[in-house]
Amino acid sequence: MVGTKIAIDGPSGAGKSTISEIVAHKIGFTHIDTGATYRVIAYAISRFNVNLKNEKEIRFLLDSINIDIKFLEGKQFIYLNCEDVTDELRSPKISSLSSYISKFPFVRKKLTHMQRKIAEDKNVIMDGRDIGTKVFKNADLKIFLTASLDERAKRRYEELEKKEIKTNFEYVRKSMKERDTNDSKRSLSPLKPATDALIIDTTGNTLEKSVDTILKIVRDKLSELINNKK
Ligand code: DC
């Protein structure tokens, strides 16, 4: 079956990307991390010193940059004007900037279009904030992945430590909380579960346990889709 769409939404640090990547690999789907598309615009704004208060400048930047997404052995790589910037997108500064710029309608319009285009004719697991509510409203399966703020902040802090990005736990927790509020309170495609999404809380789970839970739900859905086709 080609063109199956699985949407995984949820707040930052819920493990969406990590879990989606592992599950996609196990079932032979492409994993698309849409957060990276917002992050690359934030990165470009920062790199080209665009004035955040001037919407015109942001629009101009969006029209003048070239963003490319490639997949290699199940991993997603992001190119800005032909340069691989994948590893530049995870800093706390880019995290909050990407949340800030995600409120602009022209940013969302461009990225939603891009995300749909990349997923065209592919079996995908796409993760983000508005996949089940906007990008693929008719997704075959919608999961809303969440966990307590403390646990998400702890996971993010450990992830940043591993990457040797200097920070402290309180700062990570505070910015995550701000980002949650920002992402769920914006008027356009706010972070919220689709009415037909399965809500999965991973608080207290190991990564393996969360992967197993999602993998089972996904496999059950794929069997159902295959059986319905017969
Ligand atoms: O998933 P992430 O943490 O990499 O996303 C970074 C920011 O991008 C997030 O705080 C809000 C925005 N975003 C969005 O508005 N819609 C999406 N589908 C994905 C991300």
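The values are calculated or read from the model by the stated rules, or taken from the named source; none is laboratory data. Owing to the predicted nature of the structure, the values given are computational and were not obtained by experimental measurement. Glycine also receives a Cβ, built like all others from the backbone with ideal geometry; neighbour counts cover every protein chain displayed. Heavy atoms of the whole protein, side chains included, go into the accessibility calculation; ligands, DNA and RNA do not. Shrake-Rupley method; radii C 1.70, N 1.55, O 1.52, S 1.80 Å.
See the values below:
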{"item": "Around Ile32: net Lys/Arg minus Asp/Glu count, Cβ-Cβ under 14 Å", "result": "+1"}
{"item": "Net lengthening on full extension, Thr203/Lys163 (0.36 nm per residue, minus Cα-Cα)", "result": "12.1 nm"}
{"item": "The chain: antiparallel DSSP beta bridges as a percent of all, rounded to 5", "result": "30"}
{"item": "Whether region 131-230 is rounded, prolate or oblate, judged on the alpha carbon gyration tensor where a/c under 1.5 counts as rounded", "result": "oblate"}
{"item": "Top positive-direction residue, dipole computed over the chain with Cβ charges, set Ser210, Ser148, Leu62", "result": "Leu62"}
{"item": "HN-Hα J in Hz across region 140-145 - Karplus 6.51, -1.76, 1.60, θ = phi - 60°, x for Gly and Pro", "result": "5, 8, 10, 10, 10, 9"}
{"item": "Whether region 46-166 is rounded, prolate or oblate, judged on the alpha carbon gyration tensor where a/c under 1.5 counts as rounded", "result": "rounded"}
{"item": "Solvent-accessible area per residue, Å², over the chain with all protein chains present [probe radius 1.4 Å]", "result": "53"}
{"item": "Rounded to the nearest 20 debye, dipole of the chain from Cβ charges on Lys, Arg, Asp, Glu", "result": "620"}
{"item": "Interchain or long-range residues, amide H under 5 Å from Gly128's placed H", "result": "Ile8, Asp9, Gly10"}
{"item": "Within the accessible area of the chain (1.4 Å probe), percent carbon and sulfur", "result": "50"}
{"item": "Calculated FRET efficiency for the pair Asp150/Ser184, C-beta based, R₀ 25 Å, to 0.05", "result": "0.90"}
{"item": "Under DSSP loop assignment and at most 13 Cβ neighbours within 10 Å, longest GluC sites (Glu not before Pro)-free interval of the chain", "result": "1-72"}
{"item": "Inter-site label distance for Leu52 and Tyr171 at 7 Å from Cα along Cβ, in nm", "result": "1.5"}
{"item": "Shape category assigned to region 184-230 from the gyration tensor of Cα positions, a/c cut at 1.5", "result": "oblate"}
{"item": "Heavy-atom SASA rank of Thr4, Thr86 (probe 1.4 Å, accessible area, largest first)", "result": "Thr86, Thr4"}
{"item": "Selection from Pro92, Val107, Cys82, by position along the positive dipole direction of region 77-163 (Cβ)", "result": "Val107"}
{"item": "Solvent-accessible surface (1.4 angstrom probe) belonging to Phe136, in square angstrom, nearest 10", "result": "40"}
